[in-house]
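> Take this structure first; my questions come after.
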Amino acid sequence: EDALLPYDGPSVDLFEALPAPTFLLKVVGGTHSGFTDVDASLPFAALARQQEIVRRYATALFQATLGRRRPAARYLTAADAQAFGDDLALTVRRRSPGR
């Protein structure tokens, strides 16, 4: 629902252009500023859920890549996202074997 930067279009184009590994998280029904407390277009529960999703996957990404904490990588899978809820989708493109 992001009117400022639609998911389909620039976000997907950028994801496709980046070298692997890449991760693209879609919050279904989310908004551009829904991870803040200032998005009046979403009810409180929807804001809280979007914040929970962003916190979970941003933390895992930072820990797994910058912190080199392997256990955090278990969250960076499409299967984990599917189990976490049907209001998100995680697309993952891993490195090619041998790289």
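The values are calculated or read from the model by the stated rules, or taken from the named source; none is laboratory data. Remember, it's a predicted structure, so these values are computed and weren't measured experimentally. Reconstructed Cβ throughout: ideal geometry from the backbone, glycine too, with neighbour counts over all protein chains shown. These area figures cover heavy atoms from the full protein model, side chains too; ligands, DNA and RNA do not enter into them. Shrake-Rupley method; radii C 1.70, N 1.55, O 1.52, S 1.80 Å.
> Does PHE35 qualify as being under 26 Å from ASP8 (Cβ atoms), out of contact with any Phe, Trp or Tyr (no Cβ under 6 Å at 6 or more places or on another chain) and free of Cβ contacts under 8 Å to residues at least 24 places away in the same chain?
Considered against the rule, which asks whether it is under 26 Å from ASP8 (Cβ atoms), out of contact with any Phe, Trp or Tyr (no Cβ under 6 Å at 6 or more places or on another chain) and free of Cβ contacts under 8 Å to residues at least 24 places away in the same chain, PHE35 comes out as yes.
> Among ARG95, ARG56, ARG74, ARG99, which is of a type outside the set (Val, Ile, Thr), modelled with pLDDT of 85 or more and either over 11 Å from the mean Cα position of the chain (by Cα) or exposed (fewer than 12 other Cβ atoms within 10 Å of the Cβ) (or both)?
ARG74
> Counting only residues that are surrounded by fewer than 16 Cβ atoms within 10 Å (Cβ to Cβ) and not β-branched (Val, Ile, Thr), how many does the stretch 77-92 have?
Total satisfying the criteria: 9.
> Look through the stretch 53-99, keep the residues that are part of a helix (DSSP H, G or I) and in contact with a Gly (Cβ under 9 Å, 6 or more places away or on another chain), and return whichever of them is nearest to HIS32 (Cα to Cα).
Checking each candidate, the answer is VAL54.
> Out of (1) open to solvent by less than 80 Å² (accessible area, probe 1.4 Å); (2) within 18 Å of ALA3 (Cα to Cα); (3) not in a loop (DSSP other than H, G, I, E, B), what's the single condition that is false for ASP39?
Failing condition for ASP39: (3).
Let's see how each residue does on (1) within 23 Å of PRO6 (Cβ to Cβ); (2) open to solvent by 40 Å² or more (accessible area, probe 1.4 Å); (3) out of contact with any helix residue (DSSP H, G or I) (no Cβ under 7 Å at 6 or more places or on another chain):
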residue	(1), (2), (3)
GLY30	yes, no, no
GLY34	yes, no, no
PHE44	no, yes, yes
LEU47	yes, no, yes
ARG68	no, yes, yes
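> Next question, about the same structure. Those residues that are exposed (fewer than 10 other Cβ atoms within 10 Å of the Cβ) and among the small types (Gly, Ala, Ser), I need them from the stretch 10-19; list them, please.
ALA17
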